[in-house]
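No value in this document is a laboratory result; all are computed from the given coordinates. In this text the structure is predicted, and so the values were computed from the model without any measurement. Cβ: placed from backbone, ideal geometry, glycine included. Neighbour counts: every protein chain shown.
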Amino acid sequence: MTRKLLIALGIVVLAGGGGLWYFQRGGTQIPGLAAEPIGKAVQAPIATGDSTALAEFAIRRCRLARGQPKQTCYEEVFLAVAERNQIRLAMDALSVLSRLDKSTVANGHDLTHVVGINAWTPGEEVGAVYESCTGLYQSGCYHGVVQAYLDANGTDSTTVAQVCGLIDAAANNLWLRFQCVHGIGHGLVNNMAMHLPKALAGCDWLVSAWDASSCYGGAFMEFIVAGRGQAHHPAKRAGTAKPEDHGEHEHHESADTFAVRDKNDPLYPCSAIGEKYQPACYGMQAGIIYELLGADFAKIAKACDGAPPAMRPSCYQGIGTYVSGVTVRNSEKAITLCNEGHETYKRWCFVGVVKNFIDVTAKPEDGFEFCKLIHDQPLEAVTCYVAVGEQIAVLFQTDPDRSRECAKAGAAFVGACRYGAVLTFERPPGLPVLVPVS
C-alpha cells in the first residue's frame, strides 16, 4: 500500500513539474521561478508589428496571477514595449487585450497611463509622441505623455502655458486639446506633491477658461487616485507621491501641506476649496465618497444631496462616471444604480454614465445605445441625448460632421442632440435649466 501511495505521489509530482515546465515554456510567469526576460520576449511581436501576438503573449505571461499582481505583470509587458518606442503597437495590443481578457477593462486607464508616461523621453518631439497615442481607455496615454513632459521640464507658468501649443494635434483638435490640458492637471498635482490648491492655481496659468476648467478635472482625478497610493506613475518615475504621505487628516494643515482625505467629511476636498473650482471638484467627488461609504450607491447619492444645491448635478454626474467604471460599462446595471438617486438629480447620473461611455471609446454610437434604454424615463432620456450632443461637439470639429452624428439619435431626440452639439439654440422640452459644468 505504501509503495502504491509513493508511486501515485511521484506521478502527481511529475505531472505538476511537467505542467510548470509547459507553462514556463509558453512564457508564463511562475512565482518563485525565473521567467524569460520581457525585453527578449517582446522582440518578436515588435519586429512584426503584430498587436495580437503581443496581447496573447501578455495573457500567457500573466495568466497565473490575480488581482494587483496581474495588473503589475501587464504593466511590465507594456512598459517594455513603450520603452522601445513602440507606442502605437502597445496601444493596439491593449485594445486587443481588452477583448481577450475582460478583467483588464476596469484598470485599462491605468495601463494606458503607464504607456504614455514612458512614451516620451527628453529630447524627443513631444507632439510626435503625443500623436502616437490613441483614445483607448479614456485617453490615458495622452495624459501620460503630458505628465512625462512636465516631470522633465517642471511646472512653472511658462511651461504649463506652452506645452499644449507644442502639440499640433492639440492646437487644432478640441478633443485632443482637452486630453492635453487634462493631462496638465494630472502633472501639476504630481509635481506639486499633492498640494491641490497649488495645482489648481497652476491650471489658472492657462489663458482660456475652458482650458483651465479641463485642467481642474485632471487635477482632481490625480488627487483622488494618488491619494489611494495608486498614482498614475510606474515605480521607475521620480516624483510620485508616496502612499504613506497620504494619510487621513483634518483640514487644519499648514500652508505648505494639504490633507488628502478627511474621513469625517465625504465632500472634502470640494468643501475646502474656492468656489470656482467646485463644479470640477464635485464632478469627481464620487470616487472619494465611494472610498468612505463603500459600494452603496444610495448612500453615495445621499452624500451628494448634502452638497450645495448648485453643485448637486455635478456631484450626480460624477456618480454616473463612477457607476460606468464600477459596472464595467454594463448599461442595465448602470441604470439600476443611477435610479437609486434623488428623483430631481438622478438624470445627471445618466449624463455621467453616457459621457463616460463615449470618453472610453470616442464613439457617439455607444452613447446613443445607452440613451435608448431609458426612453421610458422621458426627462432622463432628453438629458441623455443632450449629453451625447455635448460629446459630439468636442469629438467633431465641423457643423456638418456634428449634424451627421446627431442624425443617428432618431427623430424624437435629434433636436436634443443638436442642442448639446451647439447646432441649435432651441431648448428641448423637459431639459432642466440647471446645467452642470462638464
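Worth pointing out:
- At full extension, residue 403 and residue 209 could sit 67.2 nm farther apart than now, given 0.36 nm per residue minus the alpha carbon distance.
- Shape category assigned to the stretch 120-222 from the gyration tensor of Cα positions, a/c cut at 1.5: rounded
- Backbone amide hydrogens, once placed in the peptide plane, bring residue 261 within less than 5 Å of 249, excluding anything fewer than 5 places away on its chain.
- 3J(HN,Hα) from dihedral phi, the stretch 296-312, Karplus parametrisation 6.51/-1.76/1.60, rounded to Hz, x for glycine, proline: 9, 6, 5, 5, 4, 4, 4, 5, 5, 5, x, 6, x, x, 5, 9, 4
- Low-density loop cleavage sites - GluC sites (Glu not before Pro) in the stretch 315-366, where at most 12 other Cβ are within 10 Å (DSSP): 343
- In nm, spacing of pseudo-spin labels at residue 333 and residue 310 (7 Å Cα→C-beta vector): 3.7
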